[in-house]
Each structure stands twice: as structure tokens, then as C-alpha cells.
């Protein structure tokens, strides 16, 4: 599966960029929500999310890189989000937060920073619909892929299988045509791609290749 990060789009042509994704074989539209505190960058808030939701024909996959994400769960649901991930590092009461997300009808995800080991999710994996492994330091698009992330994906896949859980593995950061096949082979179920798509000469063809590398 493939989720397209709108952060790398040309916001001056947002309608056209969303329509391109709508007409592609991508599965989700990825929203990077940053508050300038949890990460050293600010992206966009609810007015923009609502505009994107009104135009998008793909499910919205929102990644909250913010402090106290539990305060905004209902608002993201109301804005039209389908998949909501919160950071392990930002949630004091992670179990409660995941239950709250699921209670709204959204799918609940846990995001892990590059330095956070996968084994910390063993006790919570059954409450998690998907895990978002950050393969760059969160906050900015266009960064280089952190190679150790491949091993982390494998470790997380082992935990999911050992615990007989159903969580999917999503990978975000430095995803491109050169490493997509490796990521799927390591155990990733969903790749997030932004810069690799929107900087391409043919974004829709690049989306197709990222979703099914080698085909």
C-alpha cells in the first residue's frame, strides 16, 4: 500500500495536486501535522485539513507530530481523518489515547521516532491498528533514509507475528524508488512517499512504481 504525503505538494496548486493523487493508484493521502514543539517545524492545521478532506477521494492518514495529541482526537475525526497516528514519545497514557481514537471510528496508529526501539510496543500492539516507523527524524521532508530502519521493520514484524496481532507497518521518511522493494521485503505494509512523488517528472507513474516495485 502507498500513502502520499501532501506536505511535499505545491500548495499553490493544492487542488491539482490532490486531484493527481485522486486519479492515481495510491491508497491513502498522508497528512503531516506539526506544532513547532514536538518537532522543529510547523505545517498546517484544521482549516487546511478540512479543505483537503473535501477534495480528497482517498482516505486521510494523519500523522500527529504534536504534543498532547489526545486533546485533538475528536477534532481530527470531525475534519474527515480516517487513520490517526500519535507518537509513542508524546503520549503519557498511550493505551487510553489509542482507545479514544478507535472509539471515534478511526484506525489508531503509533509512530516511533528513529531512536525509539520497536520492542516498547509489545504491550500495546493489540490496541494498535498500525505502527508508523519514522525512517528519518520527523519534522522536515526530503531527508535521507536511515538505513537501520530496515532492521527495525523486521524486529517489529517479528513482534506482531509473535503476539498474533493484526497491526500493519507503515514507513515514512526517505522512501523512494531505490528502497521501496527493500522496505516491502523487510515487512512494511504501507509506504509513505512525498518528495519522491511530487518532484518526479511523472508523479502518477512514480506512484505506480512505488506501490509495486519491480513490476
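Each value in this text was obtained by applying a stated rule to the coordinates, not by laboratory testing. As the structure is a computational prediction, the values presented were derived from the model and not from experiment. Virtual Cβ from ideal backbone geometry, glycine too; neighbours counted across all protein chains shown.
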* Structure fact -> If each part is reduced to its alpha-carbon centroid, the stretch 157-210 and the stretch 22-94 end up apart, in Å, by 19
* To do: Rank these for me by crowding, 155, 16, going from fewest to most other beta carbons within 10 Å.
  => 16, 155
* Asked: Rounded to a whole number of µm²/s, how large is the Stokes-Einstein D of the stretch 1-54 at 25 °C and 0.890 mPa s, given Rh as the Kirkwood radius over C-alpha pairs?
  -> 205
* Where is the GNM fluctuation largest for the chain (alpha-carbon springs, 10 angstrom cutoff): 39, 110, 48? -> 48
* Using alpha carbons only, what's the Rg to Rh ratio of the stretch 128-184 with Rh from Kirkwood? -> 0.99
* Structure fact -> GNM on the chain, Cα springs under 10 Å; top mean-square fluctuation among 123, 70, 17 goes to 123
* Asked: Of all the C-alpha pairs in the stretch 152-215, what % are more than 15 Å from each other?
  -> 51
* Calculate for the chain the 222 nm mean residue ellipticity that helices alone would give, adding -39,500 (n - 2.57) per DSSP H run of length 4 or more and normalising by residue count, nearest 500 deg cm²/dmol. => -9000 deg cm²/dmol
* When every alpha-carbon pair in the stretch 89-129 is counted, what percent end up more than 11 Å apart? -> 65
* To do: Compute the Rg/Rh shape ratio of the stretch 2-211: radius of gyration over Kirkwood radius, all on alpha-carbon atoms.
  => 0.93
* P(r), alpha carbons of the stretch 11-133 - 10 Å bins starting at zero, rounded % -> 13, 45, 32, 10, 0
* Taking only C-alpha pairs under 8 Å that are 6+ residues apart, what is the relative contact order of the chain in percent? -> 20
